[in-house]
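Structure first, then comments.
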Amino acid sequence: MRIGQIARPGSLGSFRVKANEDDVSNAMANQVGEWMEPIDGHTRTTMQFRSATGRLSMNAQGLTSPRSFVFMIDPEEEDNDEDDDGDGLVDEGKVLLEYDGNQVVMASNVEGCEFNITGRTLRIVLSAGLIRRGGSIQRFSSEETLYLRNN
Ligand SMILES: [Ca+2]
Ligand SMILES: [Ca+2]
């Protein structure tokens, strides 16, 4: 899976997630949507990280600019467990990769997108649907577990 390949060299200490309302009420963040350190074991729909560049400097390895994976619900859908646009998929959207001002669609027709960091383990679960001719839906999901570098 390409998302896993891109996230694999991510530096453990560089991972961030977008704060939600719970984070703000628990004083983990100042406002919804700001990037904050992940909470162990929490599942998120976004994540950001930097990777070691592999270019050795005098003291330490450099880190790349941030890369972010962001789940964005389709404009015709609301996050309400219902199929608002009537295409058979529920709360579907896209997973975007954002880096250096660029935005790339990694996956579309995504009904579920989970990033979970527990210790050094990053778990990525995506579930998506394929709308076949005639309107039937073929659903599939992929799961990947990575061990993050501690640098
Ligand atoms: Ca839909
Ligand atoms: Ca919906």
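The values are calculated or read from the model by the stated rules, or taken from the named source; none is laboratory data. Note that the coordinates shown come from a computational prediction; the quantities given were computed from them, not determined experimentally. Counting neighbours? That spans all protein chains shown, and the Cβs are built from the backbone with ideal geometry, glycine included.
Applying the condition of being among the hydrophobic types (A, V, I, L, M, F, W, C), assigned to a strand (DSSP E or B) and within 16 Å of ligand 2 (Cβ to nearest atom) to region 83-133 and asking which residue is modelled with the lowest pLDDT yields 131. Of all residues in region 23-81, those satisfying the criterion of being at pLDDT 95 or above, hydrophobic (A, V, I, L, M, F, W, C) and within 24 Å of residue 102 (Cα to Cα) are 32, 35, 36, 47, 49, 69, 70, 71, 72, 73. Within region 65-76, does at least one residue satisfy the condition of being of a type in the set (D, E, K, R) and within 16 Å of ligand 2 (Cβ to nearest atom)? Within region 65-76, one or more residues are of a type in the set (D, E, K, R) and within 16 Å of ligand 2 (Cβ to nearest atom).
When residues of region 58-82 are filtered for being part of a loop (DSSP other than H, G, I, E, B) and exposed (fewer than 15 other Cβ atoms within 10 Å of the Cβ), how many remain? Counting residues in region 58-82 that are part of a loop (DSSP other than H, G, I, E, B) and exposed (fewer than 15 other Cβ atoms within 10 Å of the Cβ) gives 11. In region 83-95, of all residues being acidic (Asp, Glu) and either buried (at least 18 other Cβ atoms within 10 Å of the Cβ) or under 19 Å from the mean Cα position of the chain (by Cα) (or both), the one that is farthest from ligand 1 (Cβ to nearest atom) corresponds to 91. Restricting attention to region 1-28, and to residues there that are more than 22 Å from residue 63 (Cβ to Cβ) and either more than 16 Å from the chain's Cα centre (by Cα) or among the aromatic types (Phe, Trp, Tyr) (or both), which single residue is surrounded by the most Cβ atoms within 10 Å (Cβ to Cβ)? Of everything passing the filter in region 1-28, 23 is surrounded by the most Cβ atoms within 10 Å (Cβ to Cβ). With respect to residue 133, determine if the residue is surrounded by fewer than 16 Cβ atoms within 10 Å (Cβ to Cβ) and more than 16 Å from ligand 1 (Cβ to nearest atom). The answer is yes for residue 133. Under the condition of being touching an Asp or Glu at 6+ places or on another chain (Cβ under 9 Å) and not acidic (Asp, Glu), the residues counted in region 87-123 number 14.
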